[in-house]
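What follows is one structure encoded as structure tokens, with my remarks underneath.
The values are calculated or read from the model by the stated rules, or taken from the named source; none is laboratory data. Since we're looking at a predicted model, the values are computed, not measured. Heads up, the Cβs are rebuilt from the backbone with ideal geometry, glycines too, and the neighbour counts pull from every protein chain shown. These area figures cover heavy atoms from the full protein model, side chains too; ligands, DNA and RNA do not enter into them. Shrake-Rupley method; radii C 1.70, N 1.55, O 1.52, S 1.80 Å.
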Amino acid sequence: MITKLDSMLLPRKKFIYHYKNVRWARGRHETYLCFVVKRRVGPDTLTFDFGHLRNRSGCHVELLFLRYLGALCPGLWGYGAAGEKRLSYSVTWFCSWSPCVNCSIQLCQFLNNTPNLRLRIFVSRLYFCDLEDSLEREGLRMLTKAGVRISVMSYKDYFYCWQKFVDCKKSNFKAWEELHQNSVRLTRKLNRILQAWDLEDLRDALKLLGF
């Protein structure tokens with residue numbers, strides 16, 4: 001773990017407070033991001049680093065993570081030697097909130113310029129996605145089109161984070177009330193959001209064909 005990142009494990013109460021997938025998440029103005037970085041070597045992957053971040057100094061955590069990529073993923077952009085092959089990485093995020101539209105746009109631009117990096121995002125809650133014409137919904141669709149796999153966290157994902165990122169002192173993870181029901185509800189909502197992109201693409205294709 002590089003020293004500029006939040007090197008300590010998350011306290012149990014803080015993890016539960018910020019990652020709890022409640023319907024009305026009042027007071028949770030910060031976004032936490034737990035990450036795993038893996039280096040891809042042929043068909044195999046090797047776990048390279050892990051840790052967590054939160055918003056700092058007005059910078060959203062997704063963009064803050066990009067600032068540390070050079071240290072987290074050495075060789076991602078190569079070292080400048082002639083003919084040198086860039087290393088490939090896969091990154092998995094577990095976020096307390098889904099990205100805002102501005103972060104989604106900047107992530108898409110970054111990923112389009114970094115084809116040797118793959119990103120998988122798990123989210124606890126959906127950020128400002130209630131309205132049908134929400135820009136945040138459009139941002140999630142853009143990320144999907146850019147190759148990002150987005151999923152809502154399930155019990156097994158919370159259990160994994162509890163073991164990997166939380167100072168649990170070997171205590172077992174206990175699901176809060178309605179964890180499963182809220183996860184299912186949010187998964188259905190996310191699926192509807194992402195499927196809307198496919199419907200729009202289909203309409204555009206039919207227009208081009210003259211239907």
### Task
Please enumerate the residues belonging to the range 49-65 that are open to solvent by 30 Å² or more (accessible area, probe 1.4 Å) and outside any helix (DSSP H, G or I).
Phe50, Arg54, Asn55, Arg56, Ser57, Gly58, His60
### Task
Kindly indicate whether Val36 is of a type in the set (Val, Ile, Thr), more than 18 Å from the chain's Cα centre (by Cα) and at pLDDT 85 or above.
no
### Of all residues making up the range 120-149, the number that are farther than 26 Å from Lys174 by Cβ, out of contact with any Asp or Glu (no Cβ under 8 Å at 6 or more places or on another chain), open to solvent by less than 20 Å² (accessible area, probe 1.4 Å) and among the hydrophobic types (A, V, I, L, M, F, W, C)
3
### Query
When you go through (1) aliphatic (A, V, I, L, M); (2) open to solvent by less than 20 Å² (accessible area, probe 1.4 Å); (3) touching a Cys at 6+ places or on another chain (Cβ under 9 Å) one by one for Leu179, which number turns out not to apply?
(3)
### Query
Just a yes or no: is a residue in the range 23-32 crowded, with 16+ Cβ neighbours inside 10 Å and hydrophobic (A, V, I, L, M, F, W, C)?
yes
#### Entry: Leading residue by the ranking (farthest from the chain's Cα centre (by Cα)) among those in the range 152-176 that are within 20 Å of Leu53 (Cβ to Cβ) and open to solvent by 30 Å² or more (accessible area, probe 1.4 Å)
Asp167
### Task
Enumerate the pairs (first residue in the range 10-26 and closer than 19 Å to Trp93 by Cα; second residue anywhere and outside any helix (DSSP H, G or I) and open to solvent by 90 Å² or more (accessible area, probe 1.4 Å)) with beta-carbon separation below 9 Å, excluding pairs fewer than 6 apart on the same chain, so at least 6 apart or on different chains.
Arg12/Lys169; Asn21/Glu178
### Task
Report yes if some residue within the range 167-184 is among the aliphatic types (A, V, I, L, M), modelled with pLDDT of 95 or more and touching a strand residue (DSSP E or B) at 6+ places or on another chain (Cβ under 6 Å); otherwise report no.
no
